[in-house]
Each structure stands twice: as C-alpha cells, then as structure tokens.
1. Collect the residues in the stretch 80-119 that are farther than 17 Å from residue 34 by Cα and either assigned to a loop (DSSP other than H, G, I, E, B) or without any contact (Cβ under 8 Å) to a residue 24 or more places away in the chain (or both), keeping them in residue-number order.
2. Based on what the data block shows, is residue 78 over 16 Å from the mean Cα position of the chain (by Cα), farther than 22 Å from residue 40 by Cβ and hydroxyl-bearing (Ser, Thr, Tyr)?
3. Mind telling me which of the residues 99, 115, 119 ends up being farther than 22 Å from residue 174 by Cβ, in contact with a Gly (Cβ under 8 Å, 6 or more places away or on another chain), among the aliphatic types (A, V, I, L, M) and surrounded by fewer than 20 Cβ atoms within 10 Å (Cβ to Cβ)?
4. Just one of 30, 46 is closer than 18 Å to residue 100 by Cβ and not in a helix (DSSP H, G or I); which is it?
5. Which residues, counting only those in the stretch 10-51, are within 18 Å of residue 110 (Cα to Cα), surrounded by 13 or more Cβ atoms within 10 Å (Cβ to Cβ) and of a type outside the set (A, V, I, L, M)?
6. Answer yes or no as to whether residue 164 is in contact with a helix residue (DSSP H, G or I) (Cβ under 9 Å, 6 or more places away or on another chain), assigned to a loop (DSSP other than H, G, I, E, B) and of a type in the set (Val, Ile, Thr).
7. With the requirement that a residue be out of contact with any strand residue (DSSP E or B) (no Cβ under 8 Å at 6 or more places or on another chain) and at pLDDT 95 or above, what does the stretch 64-111 give you?
8. Among the residues of the stretch 38-54 satisfying the criterion of being within 13 Å of the chain's Cα centre (by Cα) and of a type outside the set (Gly, Ala, Ser), which is farthest from residue 81 (Cα to Cα)?
Amino acid sequence: MYRNLGKPVMDFMIALILLLLLSPAFLLIALVLLIGQKGNPFFLQARPGKNGRLFTLIKFRTMTNTKDKTGELLPDASRMTGIGRFLRKTSLDEIPQLLNVLAGDMSLVGPRPLLTEYLPLYNSFQSRRHEVLPGITGWAQINGRNAISWQQKFTYDVWYVDHISLRTDLKIIFATIAKVFRSEGISVSTFVTMEKFTGNNE
C-alpha cells in the first residue's frame, strides 16, 4: 500500500510544500548563478529512472564547461566554482530536483539517479536499483554518499528496494537533514564527485 500509493502522494505533497517554502532561495540562487557563472544556472542531464526510463535531471549548475586544448573537459576540481562548492557542501544544488519529484520522475527517497553510460555495465544485482523511482536522497546517501565504494553503494541501493516503508523513508529523510548540516560524505579523497563506475562485478 505505501509503495504504490502512500509514497507517491507523500512525495508530491512534501515536494510541493518544500518548493513553495524554498522559492525565495531558489530564485536567489538562480540569479546569483546566472550572473556569477554568466550562463544557464541549471544543470540538465538525461538520467535513467524507474525501469531504466530516461528523464531530465535538474540541478543547480556547480561547475563550468571549461575544456583543455584538446577539447576535453577539465577535471571536476578545476571546473568547480566558488558558489558551486558552497552549493555542493550545503546540498542546495539539489533543490531543483523537487521539480523532478512533482513530475513523477523521482521520489524524495530512493537510489540516486546515475549516469546513462552505466546502464550496460550493471550486473543483474546492480540493475535492481532501477526497480523503484530514483531519489533525491537514499539509504546509500546516509551511509557514506560519495565516500563509499561502488560495491557498498549498490548493496545499499538494493537493500532499500527490498525494504521500502514509511518508517525507512522517514529515517532516511531525518538522517539526511542531519548529514547536510554536518556536510558529511560530499566527496572522496581524490574526487570532487564520485569516481566513475567502470563495470566491476564485485
């Protein structure tokens, strides 16, 4: 009952309320990014959702598109802006994903939507993360976020798929709020974002 009815209703209602409450911050951040980064303040990218269906993820842009002499994008650390680093640290860059929740492409809680290039690399266990809607936060996020291995991340994601409940979702939401205030798990030691998944079958 909760998975099929209660969770979607709760997602929509909470996302709508949060978006209304955060609208002043939303507009201010968008304006600052528009002026400071001299371009589109939003990062739009196709990501796989439930059952692998693609949707457009919306976040605030935290990095520039600066490229090297060969036309390749510079490393994340070199492209991260000052305001972008602040948005990442405070997780304010995630606010626009509330629009994805309202559209029904995401949930407040679920496995994080990863890159489309990873889809053919998953084994049967790892691909189970797509049995539910992706989330703004999830079980893996409160258990290490970017500071854990891919093996651990997938294990946590699939655990969540098998244990969805109101109690679990509330636990994850409250734990996420606490971790945001402590800025835990934002990056691993050598990467601003998570190291790319290369298709290991661990």
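1. If the condition is that a residue be farther than 17 Å from residue 34 by Cα and either assigned to a loop (DSSP other than H, G, I, E, B) or without any contact (Cβ under 8 Å) to a residue 24 or more places away in the chain (or both), then 91, 103, 104, 105, 106, 110, 111, 112, 113, 114, 115, 117 are the ones that fit.
2. No: the conditions fail for residue 78.
3. Unique residue meeting the criteria: 119.
4. Among 30, 46, only 46 is closer than 18 Å to residue 100 by Cβ and not in a helix (DSSP H, G or I).
5. Of everything in the stretch 10-51, those that are within 18 Å of residue 110 (Cα to Cα), surrounded by 13 or more Cβ atoms within 10 Å (Cβ to Cβ) and of a type outside the set (A, V, I, L, M) turn out to be 11, 12, 47, 48, 49, 50.
6. Yes; evaluated as a whole, the condition is true for this residue.
7. 102, 104, listed by residue number.
8. 48
The values are calculated or read from the model by the stated rules, or taken from the named source; none is laboratory data. Only a predicted model underlies this, so the values are computations on that prediction, with no experimental measurement involved. Positions of Cβ are backbone-derived with ideal geometry, glycine not excepted, and every protein chain shown enters the neighbour counts.
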